[in-house]
Amino acid sequence: MKSDIANDSYLLKEESKKLISLLKGKGISEDVIFDIHVGFEEALRNAMIHGNKLDINKKVTVEITLTDKDVIIRVQDEGDGFEPEKVPDPTLDENLLNERGRGVYLITHLMDEVKYVDGGRTVVMKKDFDSTVRKKTENKI
C-alpha cells in the first residue's frame with residue numbers, strides 16, 4: 001500500500017486509522033498495534049513538521065508492506081533531511097525539558113528495526129507481530 005499525503009494533521013490521523021484497521025483485520029495483538037500506531041504517527045508528524053516544515057505544497061510518501069509476520073513502513077518527506085545521530089537524547093537530564101528528539105526516541109524504542117536513508121528524508125521501520133521483547137536494533141532492515 002503506497003500513498004502520497006499532503007502536510008495536514010487530519011490526513012495524518014486518517015492514514016493512521018487505515019493502518020490500524022489493516023492490523024486489526026490480521027488479528028495482531030493490541031500491544032503490537034499500539035507500538036506500530038505510535039511509531040507510525042511520530043514518523044508522519046516528524047516528516048510533516050521537521051522535514052517538510054509544514055509546507056502545504058509538499059507531500060509525505062507512505063509505503064506499507066504487510067505480511068503475516070511483520071510490517072515494514074517507509075515514510076519519506078520532501079525536506080532537506082537530517083542526521084539522526086545528532087538528535088539529542090530526550091532522556092538525558094540536560095534534555096528533559098527539550099521538546100526535540102522525542103519522536104525519534106519513541107520510534108527507535110517501539111519498532112524492532114529502524115533505518116534512516118536518503119540523508120534522513122526517509123525512515124524505514126519494521127515491527128514483527130510476535131514481538132514480545134523490543135530489539136532496539138538499528139540499520140538492520
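No value in this document is a laboratory result; all are computed from the given coordinates. Given the structure is predicted, the values throughout are model-derived calculations rather than measurements. Heads up, the Cβs are rebuilt from the backbone with ideal geometry, glycines too, and the neighbour counts pull from every protein chain shown.
Given the rule -39500 (n - 2.57) for each run of at least 4 DSSP H residues, summed and divided by the residues of the chain, what is its mean residue ellipticity at 222 nm, to the nearest 500 deg cm²/dmol? Mind dumping the intermediate values first?
On the way: 3 runs with 43 residues, N = 141.
The per-residue figure over the chain is -10000 deg cm²/dmol.
Dipole of the stretch 2-138, Cα-centred, from +1 at each Lys and Arg C-beta and -1 at each Asp and Glu C-beta, to the nearest 20 debye? Can you show the working numbers first?
Numbers: 22 positive and 28 negative charges, 73 e Å.
My answer is approximately 360 debye.
Need the C-alpha centroid separation for the stretch 103-118 versus the stretch 27-61, integer Å.
11
Out of [x] 22, 19, 13; [y] 32, 17, 12; [z] 42, 20, 14, which label holds the value of semi-axes √(5λ) of the Cα gyration tensor in Å that was computed here?
[x]
Give me the net charge for the shell around VAL71: Cβ to Cβ below 13 angstrom, other residues only, Lys and Arg +1, Asp and Glu -1. Walk me through the numbers on the way to the answer.
Working: positive: LYS18, LYS24, LYS26, LYS69, ARG74, LYS126, LYS127; negative: ASP35, GLU63, ASP68, ASP70, ASP112, GLU113, ASP128, ASP130.
Combined, the nearby Lys, Arg, Asp and Glu give -1.
What number, in percent, do you get for the relative contact order of the chain if the mean sequence gap of Cα pairs under 8 Å and at least 6 apart is divided by its residue count?
On the way: 253 pairs, mean separation 34.8, N = 141.
It comes to 25 percent, rounded to a whole number.
Using a Gaussian network model on the chain with a 10 Å cutoff between Cα atoms, which of VAL123, VAL32, VAL114 fluctuates the most?
VAL32
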